[in-house]
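This report refers to the structure that appears directly beneath it.
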Amino acid sequence: MAIHLPNRQLFIDGEWRETVLKKRIPVINPATEQIIGDIPAATAEDVEIAVEAAKNAFSRNKGKDWSSASGAYRAKYLRAIAAKITERKSELGRLEAIDSGKPLEEALWDMDDVAGCFEYYADLAEGLDTKQKAPVSLPMETFKSFVLKEPLGVVALITPWNYPLLLATWKVAPALAAGCTAILKPSELASVTCLELGEVCREVGLPPGVLNILTGLGTEAGAPLASHPHVDKVAFTGSTATGSRIMASAAQMVKPVSMELGGKSPIIVFEDVDLDKAAEWTLFGCFWTNGQICSATSRLLVHESIASEFLDRLVKWTKKIKISDPFEEGCRLGPLVSGDQYDKILKFIAAAKSEGATILSGGDRPKHLNKGFFVEPTIIIDVTTSMQIWREEVFGPVLCVKTFSTEDEAIDLANDTHYGLGAAVISNDPERCDRVAKAFRSGIVWINCSQPCFCQAPWGGIKRSGFGRELGEWGLENYLSVKQVTQYISEEPWGWSTKVDAWRNLRQLGFVSWQHGQHFDPAFQIIRARKSKFTLGEICGN
């Protein structure tokens, strides 16, 4: 079935605009290697226009049109976007599959998750209204204090190609719920559905400039966006190397960033498991979305007593995986997103062989597919911890395997990595699962499963996998600042000089200690408590 790619421009200030330099990038179907359309290629000139639009939208009508409006007002737009996504689910799923190469069934699941994420943050936007002016308990009755949660401002959202619209939504939905205005810069390798989000926003009447969408190369659009002086925060999902450069750029202006970066996540399989159930979760955790998942549990640690039998099960399961065009019924593994990714994965596999590892299964192009960026699901054994395939993120359908003999050894091997995004443990012993979950050095832990993700639960890593959390209430906090408001409510004068003198003399008399963190008012409480012996004038030295 022929799929028509809409011919879109950049989405800026609520309308479609041609790039200043009139540059475009071809869109290649990764299953056929054929050009099927193109997308606009933004440059620094377009970034300036988009940032100005977002800045104006944030402050328009003193913020009443968006940033200072009620959460309930913003929630209406988020729900309208969710409804449009659901209405266009079939079309958007097909566009996602042909653009990124993921199986159509998975792409359609993603569209459900996109709509659900917008709905979820609509609820949290409404909840913000009830949380404003939350009181702060103070030790002094002469003051009262409360907290305001306010949008950070103009935010840059830079997203990857493995879940093009879904990972964009993880940032767009909470940013808009918080009251920020945003510029979304998706990966040039898969931007088609992100541009369609612009059309959805136009159709629901989102105020102009609240969300702007720039497609283009990272060096030409992403870099000038991240370093722009009027961008108040950068949220990035992608490689650790790119994240490091964005952090360095943001540091020049002390600009906050949140990062969801690479991973090399472990999955530990103990000897007490159901082998078939464990095999399915192990393969799903590594090969889902064509293995192109930052949290993929691509380092398998299996107990030595079951290793041989378990690997046999894995190979049998792997041979059942249907590798095909994403639109074929039953497809479970489609093509990698691009020719560069295809070459990169094959180089990883070749390097593993040259270092002494053994390719147990897969490792090449499927024999029945002559075109497209397809790589067989690959299992590699005889791996050492110093090998590149064990230590570096592959971002493809490649699983490397080591055995262990004790729980402590498994934990040490699992944590011996620069990354810390996800980790999984499979065992029928609940107490062991709890111990291992606590011992993992990662931001996400799965027990007897791998890769489930819910918009209500926090997502993010530690170490070189980044910092900050997306999803859940934590995702909303990413785009909010906290403002303390404190009011003096006593009818009495503050009496600054008198309080200072009283404080000094009380310290000399041994009643209070600076090291104990006492403040002026507790000093007067002591005066009141001891007034039978001292007058205020005596304490002040008068």
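What net charge do the residues around VAL234 carry, taking every other residue with its C-beta under 13 Å from that of VAL234, with Lys and Arg at +1 and Asp and Glu at -1?
+3
Among (i) -0.37, -0.84, -0.96, -1.09; (ii) -0.28, -0.80, -0.99, -1.20; (iii) -0.33, -0.87, -1.02, -1.18, find the value of log10 I(q)/I(0) by the Debye sum over Cα atoms at q = 0.06, 0.10, 0.11, 0.12 Å⁻¹ that was calculated from the structure presented, and write down its label.
Among (i) -0.37, -0.84, -0.96, -1.09; (ii) -0.28, -0.80, -0.99, -1.20; (iii) -0.33, -0.87, -1.02, -1.18, the one derived from this structure is (i).
How far is it, in nm, from the label point at ASP364 to the one at GLU473 when both lie 7 Å from their Cα along the line to the Cβ?
Rounded to a tenth, the inter-label distance reads 5.5 nm.
Contour minus end-to-end for VAL315 and ASP38, with contour as 0.36 nm per residue of separation and end-to-end as the Cα-Cα distance?
Answer, rounded to one decimal: 95.8 nm.
Between ASP408 and SER244, 0.36 nm times their residue separation minus their Cα-Cα distance comes to what? List each step's numbers first, then the result.
Working: separation 164, 0.36 × 164 = 59.04 nm, distance 3.24 nm.
The ASP408-SER244 span can extend by a further 55.8 nm.
Under 11 Å from the Cβ of LYS133, count the other residues' Cβ atoms, weight Lys and Arg +1, Asp and Glu -1, and hand me the total.
+3
Taking the Cα atoms of the range 233-305 alone, what are Rg (to one decimal) and Dmax (as a whole number) in Å?
17.4, 55
Based on Cβ point charges of +1 for Lys and Arg and -1 for Asp and Glu, what charge dipole magnitude is obtained for the chain about its Cα centre, in debye rounded to the nearest 20?
1680 debye
Need the full-extension length gain, HIS4 to GLU45, defined as separation in residues times 0.36 nm minus the C-alpha distance. One decimal, nm.
Value of the extension gain: 11.8 nm.
Assuming a viscosity of 0.692 mPa s and a temperature of 37 °C, what translational diffusion coefficient in µm² per second does Stokes-Einstein assign to the range 2-55, Rh being the Kirkwood radius over Cα pairs?
Approximately 265 µm²/s, per Stokes-Einstein.
Round to the nearest 0.05 the FRET efficiency obtained for TRP494 and SER68 when R0 = 30 Å and r is the Cβ-Cβ distance.
E between TRP494 and SER68, to the nearest 0.05, is 0.40.
Cα centroid distance between the range 123-145 and the range 398-460, in Å?
One Cα centre to the other: 38 Å.
Using +1 at the Cβ of each Lys and Arg and -1 at the Cβ of each Asp and Glu in the chain, identify which of ILE489, CYS180, GLY263 lies farthest towards the dipole's positive end.
After comparing all options, I get ILE489.
With runs of 4+ DSSP H residues as the only contributors, calculate the mean residue ellipticity of the chain at 222 nm using -39,500 (n - 2.57) per run, divided by the residue total and rounded to the nearest 500.
-12500 deg cm²/dmol
Which order do the peptides 250-260, 216-226 come out in when sorted by mean C-beta neighbours inside 10 angstrom, highest first?
My ranking of the peptides, most packed first, is 216-226, 250-260.
Whole-Hz Karplus ³J(HN,Hα) for the range 367-376, in order, using 6.51 cos²θ - 1.76 cosθ + 1.60 and θ = phi - 60°, x for Gly and Pro?
Those phi angles translate into 5, 8, 10, 8, 10, x, 8, 8, 10, 4 Hz.
Roughly speaking, to the nearest percent, how much of the chain's 1.4 Å accessible area is carbon and sulfur? Each step should come with its number before you reach the end.
Values: 12250 of 23420 Å².
Using a 1.4 Å probe with all protein chains present, the chain comes out at 52 percent carbon and sulfur.
Considering only protein heavy atoms, what per residue accessible area in square angstrom results for the chain with a 1.4 angstrom probe?
That works out to 43 Å² per residue.
Which is farthest toward the positive dipole end of the range 252-400 among PHE373, LEU300, GLY285, measuring Cα position about the Cα centre, with Cβ charges +1 (Lys, Arg) and -1 (Asp, Glu)?
The one lying farthest along the dipole's positive direction is PHE373.
Just want the answer: with Cβ charges of +1 for Lys and Arg and -1 for Asp and Glu, which residue in ALA352, GLY93, MET253 is farthest toward the dipole's positive end in the chain?
Result: MET253.
Ranking request for peptides 82-93, 404-415, 181-192: highest mean number of other beta-carbon atoms within 10 Å first, then the rest in descending order. Intermediate results must be reported in sequence, preceding the final value.
On the way: 82-93: 18.4, 404-415: 16.6, 181-192: 26.1.
Per-residue mean Cβ counts within 10 Å order the peptides as 181-192, 82-93, 404-415.
For the range 20-79, rounded, prolate or oblate, judged on the Cα gyration tensor with a ≥ b ≥ c (square roots of eigenvalues), a/c < 1.5 rounded, else prolate if a/b > b/c?
Oblate.
How tilted is helix 520-529 with respect to the longest principal axis of the chain? Cα atoms for both, answer in degrees (0 to 90, nearest 10).
Approximately 50 degrees, to the nearest ten.
Kindly rank 160-170, 54-64 from highest to lowest mean number of other beta carbons found within 10 Å of each residue.
Order by mean packing, descending: 160-170, 54-64.
Evaluate the relative contact order of the chain (contact order divided by residue number), counting alpha-carbon pairs under 8 angstrom at least 6 apart; express in whole percent.
Reported as a whole number, the value is 16 percent.
Percent of Cα-Cα pairs per 10 Å bin, from 0 to the last occupied bin, for the range 30-121, please list those.
14, 26, 33, 23, 4, 0
The values are calculated or read from the model by the stated rules, or taken from the named source; none is laboratory data. Source: prediction; values computed, not measured. FYI the Cβ positions are ideal-geometry reconstructions off the backbone, even for glycines, and counts take in every protein chain you see. Remember, those area values only see protein heavy atoms, side chains included, never the ligands or the DNA or RNA. Shrake-Rupley method; radii C 1.70, N 1.55, O 1.52, S 1.80 Å.
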